[in-house]
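So the structure is just underneath, and the comments pick up after that.
The values are calculated or read from the model by the stated rules, or taken from the named source; none is laboratory data. Not measured: the values here are computed from a predicted model. Glycine gets a Cβ as well: all are built from the backbone with ideal geometry, and neighbour counts include every protein chain shown. For the accessible areas, the whole protein counts, side chains as well, though only heavy atoms, and no ligand, DNA or RNA atoms are used. Shrake-Rupley method; radii C 1.70, N 1.55, O 1.52, S 1.80 Å.
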Amino acid sequence: MIGKPITMALWQGKSKKKPTGGRLVLSRGKRKFEISREKQFTKVGKQSLKHYRIRGARVKTCMLLAEYANVVDKKTNTIQRAKIIGVAANPADPNYVQRNIVNKGARIKTELGDAVVTSRPGQNGAVNAVLIEV
């Protein structure tokens, strides 16, 4: 078969299984608003943003590549913009460290030191982090 590969949409609707494991007969089919988009991870690199239209004609900004982070220093209570050097650790998936993927909870190396990401770059369009005290 020649052409585009067939990909299934990610569906966020109700399951066809009951909590007991039995079959649940749905009263309606799938709806367009229940389809989610494919995952696009935020990586370290020259900043790149992508905008998505969501329900209510609002816009979500997805960060594809991140170069800088807004880092909070709790000692001095200041916010500084620091360059991201790389990902030090990621509790979500150890493989994300090798791939330099930044998400919430990831520990990143910055010019100011190690910091933990507190924002969701794939949803907010910005990397906010808190400096780790050593």
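Can you give the charge dipole size of the chain about its Cα centre, rounded to the nearest 20 debye, using +1 on the beta carbon of Lys and Arg and -1 on the beta carbon of Asp and Glu?
1140 debye
Show me the ranking of peptides 112-118, 71-77 by mean Cβ neighbours inside 10 Å, starting with the highest. Before the final figure, lay out each step's value.
Numbers: 112-118: 17.7, 71-77: 12.7.
Ranked from most to least packed, the peptides come out as 112-118, 71-77.
Relative contact order for the chain: what percent, with Cα pairs under 8 Å and sequence separation of 6 or more? Walk me through the numbers before you get to the answer.
Details: 261 pairs, mean separation 26.3, N = 134.
Worked out over the chain, it gives 20 percent.
For the pair residue 26 and residue 97, how long in nm is the line joining their label points, each one 7 Å along Cα→Cβ?
4.0 nm
Roughly how many Å² is the accessible area per residue of the chain, as a whole number, for a 1.4 Å probe? All intermediate terms of the calculation are to be shown ahead of the outcome.
On the way: 9920 Å² over 134 residues.
Normalised by residue count, the accessible surface of the chain is 74 Å².
Can you give the extra length, in nm with one decimal, that the chain gains between residue 49 and residue 35 once fully stretched, where that is 0.36 nm per residue apart less the Cα-Cα distance?
So the extension gain works out to 2.9 nm.
Name the residue, out of 23, 81, 53, whose mean-square fluctuation peaks in a Gaussian network model built on the chain with Cα pairs under 10 Å.
Per the Cα network of the chain with a 10 Å cutoff, 23 tops the list.
Got a number for the accessible area of residue 10? Probe 1.4 Å, square angstrom, nearest 10.
Using a 1.4 Å probe on the heavy atoms, I get roughly 70 Å².
Mind listing the long-range amide H neighbours of residue 68? Cut-off is under 5 Å, sequence gap 5 or more, other chains count too, H placed in the peptide plane at 1.01 Å from N.
Residues meeting the criterion, in which the H sits 1.01 Å from N, are 84.
What base-10 log of the normalised intensity I(q)/I(0) is obtained for the range 31-89 from the Debye formula, alpha carbons as equal point scatterers, at q = 0.12, 0.23, 0.26, 0.29 Å⁻¹?
Cα-only, vacuum Debye calculation for the range 31-89: -0.46, -0.98, -1.08, -1.19.
How big is the Rg/Rh ratio for the chain, C-alpha atoms only, Rh by Kirkwood, two decimals?
Taking Rh as the inverse mean 1/r over Cα pairs, Rg/Rh reads 1.11.
Within the chain, what whole-number % of the accessible surface is contributed by carbon and sulfur, with the 1.4 Å probe and all protein chains included in the calculation? If you can, show how the numbers build up before the last one.
Working: 5210 of 9920 Å².
On the chain, the fraction of accessible area on carbon and sulfur atoms equals 53 percent.
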